[in-house]
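> My questions will all concern the structure given below.
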Amino acid sequence: GAVVSQHPSRVICKSGTSVKIECRSLDFQATTMFWYRQFPKKSLMLMATSNEGSKATYEQGVEKDKFLINHASLTLSTLTVTSAHPEDSSFYICSARDRGQTLGTEAFFGQGTRLTVV
Amino acid sequence: GNSVTQMEGPVTLSEEAFLTINCTYTATGYPSLFWYVQYPGEGLQLLLKATKADDKGSNKGFEATYRKETTSFHLEKGSVQVSDSAVYFCALSDRINEKLTFGTGTRLTIIP
């Protein structure tokens, strides 16, 4: 149980184009999903918290117009990197929590998406 | 605010050696503590957890004990294997919001 699927696992796009990454909870409902960015040999940086049916909450310093987050259902959140540039190349990871989980319990992570902007 | 400090590494050990990766935390209230593992090119997997003081989390031969008095959650394994090579993240979650606070990660390499 508690499987989070992220797609695609790898994507290469041209500079200036937009890329959409999907995060799905396969066997549970997630009212909250989280999007992280991981730089090479670095820890995970929380970008935003995605809330089903409402606007995402972005962390300080993250451009909301560049990283569009949509959480339209209880099992799907999407991250769209708009007008991508080479500096957006990174490993993006989503996580989700079951809506029935107690606060302070673990989150479940997707496999990650390696984005390369050329 | 909450923070997690862990041994930066990289750590290189021989197979069957004893492993310790230190982790200390700062948090308000009584957080839950976690160790996540990331294998190359993959997302994070929960390795073990502890939700209250003196709890011991264990999985796959790894152990960590929630020490409130020293605000620590050190990861240990008695005999590491090559397949344990990965990046290990210490993390905490408070009971106020659902965000996880991560340490910087420790890259572990086990050589045969």
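> Can you say whether A:GLY112 is within 9 Å of chain B (Cβ to nearest Cβ), at pLDDT 90 or above and within 29 Å of B:GLY9 (Cβ to Cβ), as far as the supplied structure shows? First the steps, then the outcome.
On the way: within 9 Å of chain B (Cβ to nearest Cβ): yes; at pLDDT 90 or above: yes; within 29 Å of B:GLY9 (Cβ to Cβ): yes.
Against the criterion (within 9 Å of chain B (Cβ to nearest Cβ), at pLDDT 90 or above and within 29 Å of B:GLY9 (Cβ to Cβ)), A:GLY112 qualifies.
> Checking the condition surrounded by fewer than 19 Cβ atoms within 10 Å (Cβ to Cβ), within 12 Å of the chain's Cα centre (by Cα) and either without any contact (Cβ under 8 Å) to a residue 60 or more places away in the chain or farther than 17 Å from A:GLU22 by Cα (or both), which residue from A:LEU68, A:LEU79, A:LEU74 passes?
Numbers: A:LEU79 fails: surrounded by fewer than 19 Cβ atoms within 10 Å (Cβ to Cβ); A:LEU74 fails: within 12 Å of the chain's Cα centre (by Cα).
Unique residue meeting the criteria: A:LEU68.
> On the basis of being within 13 Å of chain B (Cβ to nearest Cβ), more than 22 Å from B:PHE89 (Cα to Cα) and not in a loop (DSSP other than H, G, I, E, B), does A:SER50 make the cut?
Working: within 13 Å of chain B (Cβ to nearest Cβ): yes; more than 22 Å from B:PHE89 (Cα to Cα): yes; not in a loop (DSSP other than H, G, I, E, B): yes.
Against the criterion (within 13 Å of chain B (Cβ to nearest Cβ), more than 22 Å from B:PHE89 (Cα to Cα) and not in a loop (DSSP other than H, G, I, E, B)), A:SER50 qualifies.
> Further question on the same structure: From A:ALA48, A:ALA84, grab the single residue that is buried (at least 19 other Cβ atoms within 10 Å of the Cβ) and over 18 Å from A:HIS7 (Cβ atoms). Give the derivation first.
Details: A:ALA84 fails: over 18 Å from A:HIS7 (Cβ atoms).
After ruling out the rest, the residue left standing is A:ALA48.
> Here is a further query. Quickly run through region A:35-44 and pick out the residues that are within 10 Å of chain B (Cβ to nearest Cβ), touching a residue at least 12 places away in the same chain (Cβ under 8 Å) and over 8 Å from the mean Cα position of the chain (by Cα). Before the answer, list the steps.
As a first pass, look at region A:35-44 and keep what is within 10 Å of chain B (Cβ to nearest Cβ): A:36, A:38, A:41-44.
Checking which are touching a residue at least 12 places away in the same chain (Cβ under 8 Å) leaves us with A:36, A:38, A:44.
Of everything in region A:35-44, those that are within 10 Å of chain B (Cβ to nearest Cβ), touching a residue at least 12 places away in the same chain (Cβ under 8 Å) and over 8 Å from the mean Cα position of the chain (by Cα) turn out to be A:GLN38, A:LEU44.
> Are any residues in region B:74-98 within 14 Å of chain A (Cβ to nearest Cβ) and surrounded by 18 or more Cβ atoms within 10 Å (Cβ to Cβ), and if so, which ones? Steps first, answer last, please.
Here is the first cut: in region B:74-98, the ones within 14 Å of chain A (Cβ to nearest Cβ) are B:86-98.
Hits for region B:74-98 are B:ALA86, B:VAL87, B:TYR88, B:PHE89, B:CYS90, B:ALA91, B:LEU92, B:SER93, B:ASP94, B:GLU98.
> Return the only residue of B:LYS49, B:LYS60, B:LYS56 being under 15 Å from the mean Cα position of the chain (by Cα), farther than 20 Å from A:PHE109 by Cα and either more than 14 Å from chain A (Cβ to nearest Cβ) or buried (at least 20 other Cβ atoms within 10 Å of the Cβ) (or both). Give the steps one after another, and end with the answer.
Working: B:LYS49 fails: farther than 20 Å from A:PHE109 by Cα; B:LYS60 fails: farther than 20 Å from A:PHE109 by Cα.
Step by step, each of B:LYS49, B:LYS60, B:LYS56 is checked, and only B:LYS56 is under 15 Å from the mean Cα position of the chain (by Cα), farther than 20 Å from A:PHE109 by Cα and either more than 14 Å from chain A (Cβ to nearest Cβ) or buried (at least 20 other Cβ atoms within 10 Å of the Cβ) (or both).
> Looking only at residues that are under 15 Å from the mean Cα position of the chain (by Cα) and in a loop (DSSP other than H, G, I, E, B) in region B:26-46, which one is farthest from the other protein chains (Cβ to nearest Cβ)?
Of everything passing the filter in region B:26-46, B:TYR39 is farthest from the other protein chains (Cβ to nearest Cβ).
> Follow-up. Here is a list of conditions, (1) away from chain B (no Cβ under 14 Å); (2) within 24 Å of A:THR31 (Cα to Cα); (3) of a type outside the set (Phe, Trp, Tyr); (4) in contact with a Gly (Cβ under 7 Å, 6 or more places away or on another chain), and A:SER83 meets all of them except one; can you say which number that is?
Against the list (1) away from chain B (no Cβ under 14 Å); (2) within 24 Å of A:THR31 (Cα to Cα); (3) of a type outside the set (Phe, Trp, Tyr); (4) in contact with a Gly (Cβ under 7 Å, 6 or more places away or on another chain), A:SER83 comes up short only on (2).
> Would you confirm, using the coordinates I've provided, whether B:GLU8 is outside any strand (DSSP E or B), closer than 14 Å to B:GLY105 by Cα and within 14 Å of another protein chain (Cβ to nearest Cβ)?
Values: outside any strand (DSSP E or B): yes; closer than 14 Å to B:GLY105 by Cα: yes; within 14 Å of another protein chain (Cβ to nearest Cβ): yes.
In short, yes.
> Only one of these conditions is not met by B:ARG67: (1) without any contact (Cβ under 8 Å) to a residue 24 or more places away in the chain; (2) within 10 Å of chain A (Cβ to nearest Cβ). Which number is it?
(2)
> Here's a check for you: in region B:63-73, which residue that is in a loop (DSSP other than H, G, I, E, B) and of a type outside the set (Ser, Thr, Tyr) is surrounded by the most Cβ atoms within 10 Å (Cβ to Cβ)? Break it down stepwise before answering.
Residues of region B:63-73 that are in a loop (DSSP other than H, G, I, E, B), as a first pass: B:66, B:68-71, B:73.
Going one step further and asking which of them are of a type outside the set (Ser, Thr, Tyr), we end up with B:68-69, B:73.
Details: B:LYS68: 10, B:GLU69: 7, B:PHE73: 29.
Result: B:PHE73.
> Now, a different point. Using beta carbons and a limit of 6 Å, which pairs, at least six apart or on different chains, have the first residue in region B:82-101 and assigned to a strand (DSSP E or B) and the second one buried (at least 19 other Cβ atoms within 10 Å of the Cβ) and at pLDDT below 80?
B:SER93/A:GLY104
> Given the options B:VAL4, B:VAL87, B:VAL37, name the one that is closer than 28 Å to A:THR57 by Cβ and in contact with a helix residue (DSSP H, G or I) (Cβ under 9 Å, 6 or more places away or on another chain). Can you show your working first?
Numbers: B:VAL4 fails: in contact with a helix residue (DSSP H, G or I) (Cβ under 9 Å, 6 or more places away or on another chain); B:VAL87 fails: in contact with a helix residue (DSSP H, G or I) (Cβ under 9 Å, 6 or more places away or on another chain).
After ruling out the rest, the residue left standing is B:VAL37.
> So is A:SER90 away from chain B (no Cβ under 12 Å), more than 13 Å from the chain's Cα centre (by Cα) and polar (S, T, N, Q) or not?
Working: away from chain B (no Cβ under 12 Å): yes; more than 13 Å from the chain's Cα centre (by Cα): no; polar (S, T, N, Q): yes.
It is false that A:SER90 is away from chain B (no Cβ under 12 Å), more than 13 Å from the chain's Cα centre (by Cα) and polar (S, T, N, Q).
The values are calculated or read from the model by the stated rules, or taken from the named source; none is laboratory data. None of these values were measured; they are calculated from a predicted model. Virtual Cβ from ideal backbone geometry, glycine too; neighbours counted across all protein chains shown.
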